[in-house]
Amino acid sequence: MPRSLVLGNGCVLATFDEKLQMRDLYFPFVGMEDHTAYGDVHRIGFFVEGKGFSWISDPDWAVDIRYRFATLVGESTARSDRLGLSVRVIDYVHPVHNILVRRWFLSSTDGERKTVKVFFHHNLHIYGDNQKDTAFYEPFTNSVIHFRQTRYFLISAQTDKPVTSPPKRDLGMYQSVLPSKEAIQSGGMSEWSIGKAGYRGLEGTWRDAEDGVLSCNPIEQGSVDSTVAVACRVEPDAETHVTLHLSLGKTLDDVVALQQMALTEGDERLERHTSNYWRSWVSKVRRDFGDLPPEISDLYHRSLLVMRIHADNHGGIVAAADADIMAFNRDTYTYVWPRDCAFTCMAFDSAGFSEVTRRFFRFCKGLQTPDGYLLHKYNPDGSVGSSWHPWFKNGEPELPIQEDETALILVALWKHFTTSQDFEFLQEMYEGFVKKAAEFLCNFREEGTGLPLSSYDPWEEHRGVFTYTTACVAAGLNAAARICIALGHHAHSERYQTAGDEVRQALLFHLYDEDMQRFMKRITRKNGETVDRDKTPDMSIAAIWKLGVLPPEDARVISTMRQLNDLLKVRTPVGGFARYTNDFYHTPSTPTKDVPGNPWIITTLWSAQWDIARAKTKNDLESARNAIVWAAKFATTSGILPEQMHPHTGAPLSVAPLVWSHATFVETVLLYLEKEKQLPS
């Protein structure tokens with residue numbers, strides 16, 4: 001299920017579904033330690049005296065989810081005619097403090113005065129599993145606290161129109177777990193329930209809420225959940241405010257201090273700070289979007305914000321935080337793929353956000369193996385991620401890598417330098433990453449031909465010598481040579497440039513098929529001979545001109561791209577381009593000639609980038625403009641781009657948001673705007 005709202009600050013990342021229920025909660029690394037189990041939700045319920053109870057996920061609720069323009073503040077609405085309630089919802093994670101704030105503004109839609117209880121359920125699986133957790137009611141802050149080891153979550157709620165005043169308790173010397181004996185502000189919860197969940201047939205405390213009354217059990221351990229309630233009055237002609245604070249920290253002191261800060265500062269001030277911060281951040285580089293419609297500039301800014309909150313403050317950039325992909329392969333996209341990150345960094349640098357990319361490049365220094373290459377993928381803390389690439393196959397050892405992931409870091413680093421002109425940082429990366437990576441690319445080649453040795457393709461499915469990967473290696477070596485020239489390391493520059501030229505020549509000789517008049521997807525090499533040629537049309541072949549190995553006007557490129565555009569076009573009203581022919585990944589039915597696979601945002605925009613690269617007049621940009629508008633059409637109402645879409649309905653498939661999709665959108669818009677300025681009418 002795609003995520004409709006994603007909020008974060010580089011340390012906390014929270015995702016929400018189409019009913020505003022929290023589905024993922026990551027802390028203290030973005031994309032690592034999802035404190036919600038796959039498939040579980042954190043529910044929100046309403047009990048209206050005289051009308052009964054309803055969860056917001058029930059059919060009687062209509063929910064519309066949006067972001068406030070150019071911010072990471074959710075601004076949504078919900079309505080239940082059965083309960084006679086309308087709700088405005090403001091959601092945000094503070095950019096500095098690790099606290100999620102959810103503000104609910106309740107109105108009566110039937111002119112009646114109401115007594116309402118709002119229920120907030122939390123099914124936290126701390127460290128990602130459902131054991132050894134404790135949840136307890138803390139009386140002096142009037143909050144519920146979940147904890148295990150060094151992860152603490154404090155849940156507090158209040159309203160401006162309580163039915164009864166919250167209890168006031170004086171701190172005794174030995175009556176509180178709180179370190180401070182000074183005056184403590186308490187929240188406005190009226191009830192709570194803590195109990196077992198997902199254990200011996202017990203569903204959880206959310207069931208306790210459905211009669212409108214919580215049991216107030218004070219503590220539980222093991223597999224636990226909690227539900228808190230706020231009782232409030234809703235008048236016919238005014239809004240009632242109900243606020244939930246979820247504070248995240250590594251100690252009890254951390255989360256209590258966050259709750260006290262929020263109560264002292266006030267929700268409006270925290271909200272204003274959050275809005276102002278992200279609006280200033282995303283608009284620090286002003287752009288004229290030319291003839292592109294307003295929804296494109298909106299999605300451009302939204303994409304940058306989505307990219308940013310998937311970038312952990314320690315440097316890693318995760319591919320996606322949507323954990324529902326777990327159903328497909330019992331794993332997720334919450335990893336740092338160096339390839340995805342390289343393309344994302346190039347988009348960030350083009351857009352003027354080099355501070356994010358600098359953290360990532362430094363992160364890479366800790367990932368590199370002694371031999372200079374990067375492995376398949378990593379966790380956000382820098383540890384090696386899960387993989388399906390074997391170290392031993394067919395009786396022989398092999399290196400389980402995608403070589404493009406090493407090469408593209410060099411390409412992205414050179415791009416970073418051209419935009420930042422930061423010589424000191426470039427020298428730091430030269431010593432800490434570039435030399436070993438470039439030496440690996442030089443050495444990991446077949447003697448005699450200069451071709452790269454076999455590795456895995458960008459889609460992580462096949463092993464061989466790919467046009468895409470070979471183009472990445474040539475571009476990576478050329479980037480390393482340029483870095484050396486910039487720093488005055490001329491001997492190394494010559495070595496890397498020579499190797500890059502050899503790889504380029506080998507690509508043109510071995511991977512271009514004269515009969516087909518296009519580049520092949522891959523070849524299989526054995527004992528110095530090509531024993532198999534895979535001629536599958538694959539849009540990743542576009543790397544040969546995207547990375548500058550050949551100019552886009554080269555006859556071989558033109559012939560290849562025209563064939564790819566023809567053979568990979570999705571001929572349905574949805575449109576777009578598939579990755580390659582007979583692509584079964586998440587397809588709803590067997591691929592055909594008209595539907596070779598699902599349309600992807602990335603591949604469709606790569607085709608648009610070729611149109612941009614070859615445009616000679618502004619009229620030539622029309623197809624690229626249409627592709628940009630097409631991509632925006634398949635964003636959710638909140639501006640979230642998926643990985644791919646259903647070829648007949650356009651519904652999002654796989655994960656949403658996918659950071660690479662957003663990065664490719666940003667890159668394509670910038671290329672379009674740059675080319676538009678250069679061209680005559």
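The values are calculated or read from the model by the stated rules, or taken from the named source; none is laboratory data. Just so you know, these numbers come straight off a predicted model, no measurement behind them. Cβ atoms come from the backbone with ideal geometry, glycine included; neighbour counts cover every protein chain shown.
Evaluate the following for Ala14: is it aliphatic (A, V, I, L, M), outside any strand (DSSP E or B) and under 24 Å from Ser223 (Cβ atoms)?
No: the conditions fail for Ala14.
Which condition breaks for Ile90 when tested against (1) outside any strand (DSSP E or B); (2) closer than 18 Å to Lys19 by Cα?
(1)
Being buried (at least 18 other Cβ atoms within 10 Å of the Cβ), within 27 Å of Thr205 (Cα to Cα) and not small (Gly, Ala, Ser): is that true of Leu72 here?
No, not satisfied.
Here is a check on your reading of the model: is Gly448 out of contact with any Leu (no Cβ under 7 Å at 6 or more places or on another chain) and in the same structural domain as Asp513 (by TED's automatic domain parsing)?
So Gly448 fits the description; yes.
Pull out all pairs, ordered by first then second residue, where Cβ-Cβ is under 6 Å, the residues are six or more apart or on different chains, the first lies in segment 99-112 and is assigned by TED's automatic domain parsing to the domain that holds Ser86 and closer than 17 Å to Asp81 by Cα, and the second is in a loop (DSSP other than H, G, I, E, B) and of a type outside the set (Gly, Ala, Ser).
Phe105/Glu239; Ser107/Glu239; Ser108/Pro236; Gly111/Pro236
Are any of the residues in segment 623-634 under 24 Å from the mean Cα position of the chain (by Cα), in the same structural domain as Leu292 (by TED's automatic domain parsing) and not in a helix (DSSP H, G or I)?
Scanning segment 623-634 turns up at least one residue that is under 24 Å from the mean Cα position of the chain (by Cα), in the same structural domain as Leu292 (by TED's automatic domain parsing) and not in a helix (DSSP H, G or I).
Somewhere in segment 433-446, is a residue over 30 Å from Phe509 (Cβ atoms), modelled with pLDDT of 95 or more and surrounded by 15 or more Cβ atoms within 10 Å (Cβ to Cβ)?
Taking every residue of segment 433-446 in turn, at least one turns out to be over 30 Å from Phe509 (Cβ atoms), modelled with pLDDT of 95 or more and surrounded by 15 or more Cβ atoms within 10 Å (Cβ to Cβ).
Would you confirm, using the coordinates I've provided, whether Trp206 is part of a helix (DSSP H, G or I) and either in contact with a Cys (Cβ under 9 Å, 6 or more places away or on another chain) or within 22 Å of Gln21 (Cα to Cα) (or both)?
yes
Can you tell me which condition Ile541 does not meet? The list is (1) touching a strand residue (DSSP E or B) at 6+ places or on another chain (Cβ under 9 Å); (2) not assigned by TED's automatic domain parsing to the domain that holds Gln402, and all the others hold.
Of the numbered conditions (1) touching a strand residue (DSSP E or B) at 6+ places or on another chain (Cβ under 9 Å); (2) not assigned by TED's automatic domain parsing to the domain that holds Gln402, the odd one out for Ile541 is (2).
Please enumerate the residues belonging to segment 208-226 that are of a type outside the set (Asp, Glu) and farther than 21 Å from His35 by Cα.
Once the filter is applied, which keeps residues that are of a type outside the set (Asp, Glu) and farther than 21 Å from His35 by Cα, segment 208-226 yields Ala209, Gly212, Val213, Leu214, Ser215, Cys216, Asn217, Pro218.
Pick from Arg504, Arg482, Arg562: which is in a helix (DSSP H, G or I) and in contact with a Phe, Trp or Tyr (Cβ under 6 Å, 6 or more places away or on another chain)?
Only one candidate qualifies: Arg482.
Going residue by residue through segment 410-419, is there one that turns out to be surrounded by fewer than 16 Cβ atoms within 10 Å (Cβ to Cβ), among the charged types (D, E, K, R) and within 24 Å of Leu477 (Cα to Cα)?
no
Which pairs have Cβ atoms under 7 Å, sit 6 or more apart or on different chains, and link a residue in segment 655-681 that is over 22 Å from Thr587 (Cα atoms) to one that is basic (Lys, Arg) and surrounded by 19 or more Cβ atoms within 10 Å (Cβ to Cβ)?
Close Cβ pairs satisfying both conditions: Tyr672/Arg625.
Of the numbered conditions (1) at pLDDT below 95; (2) charged (D, E, K, R); (3) outside any loop (DSSP other than H, G, I, E, B), Asp110 fails exactly one; give the number of that condition.
Condition not satisfied by Asp110: (3).
Check His121, His125, His94, His35 and return the single one that is crowded, with 19+ Cβ neighbours inside 10 Å and outside the structural domain of Gly188 (by TED's automatic domain parsing).
Only one candidate qualifies: His35.
Of the conditions (1) in a helix (DSSP H, G or I); (2) surrounded by fewer than 20 Cβ atoms within 10 Å (Cβ to Cβ); (3) of a type outside the set (Val, Ile, Thr), Glu460 clears all except one; give me its number.
Here Glu460 clears every test but (1).
Determine which single condition Gly450 fails, assuming it passes every other condition in (1) part of a helix (DSSP H, G or I); (2) out of contact with any Ser or Thr (no Cβ under 9 Å at 6 or more places or on another chain); (3) crowded, with 18+ Cβ neighbours inside 10 Å.
Here Gly450 clears every test but (1).
Suppose we filter segment 175-195 for residues that are of a type in the set (Ser, Thr, Tyr), part of a loop (DSSP other than H, G, I, E, B), farther than 16 Å from Leu258 by Cα and at pLDDT 70 or above; how many remain?
Matching residues across segment 175-195 total 1.
Does Phe53 satisfy being over 13 Å from the mean Cα position of the chain (by Cα), crowded, with 24+ Cβ neighbours inside 10 Å and either modelled with pLDDT under 95 or farther than 19 Å from Tyr152 by Cα (or both)?
no
Has segment 260-277 got at least one residue that is among the hydrophobic types (A, V, I, L, M, F, W, C) and in contact with a strand residue (DSSP E or B) (Cβ under 7 Å, 6 or more places away or on another chain)?
Yes, the conditions are met somewhere in segment 260-277.
I'd like the residue in segment 618-641 that is in contact with a Pro (Cβ under 9 Å, 6 or more places away or on another chain) and of a type in the set (Val, Ile, Thr) and, out of all such residues, is surrounded by the fewest Cβ atoms within 10 Å (Cβ to Cβ).
Val629
Collect the residues in segment 573-617 that are of a type in the set (Val, Ile, Thr) and either surrounded by fewer than 16 Cβ atoms within 10 Å (Cβ to Cβ) or assigned to a strand (DSSP E or B) (or both), keeping them in residue-number order.
Thr590, Thr592, Thr617
Could you list, in sequence order, all residues of segment 648-665 that are surrounded by 24 or more Cβ atoms within 10 Å (Cβ to Cβ) and under 18 Å from Trp606 (Cβ atoms)?
Correct list: Leu658, Val659, Trp660, Ser661, His662, Ala663, Thr664, Phe665.
Can you tell me which residue within segment 278-308, out of those that are touching a Leu at 6+ places or on another chain (Cβ under 6 Å) and closer than 28 Å to Val41 by Cα, is surrounded by the most Cβ atoms within 10 Å (Cβ to Cβ)?
The extreme case among them is Trp278.
Being within 22 Å of the chain's Cα centre (by Cα) and in contact (Cβ under 8 Å) with a residue 12 or more places away in the chain is the requirement here; does Ile409 meet it?
So Ile409 passes the test.
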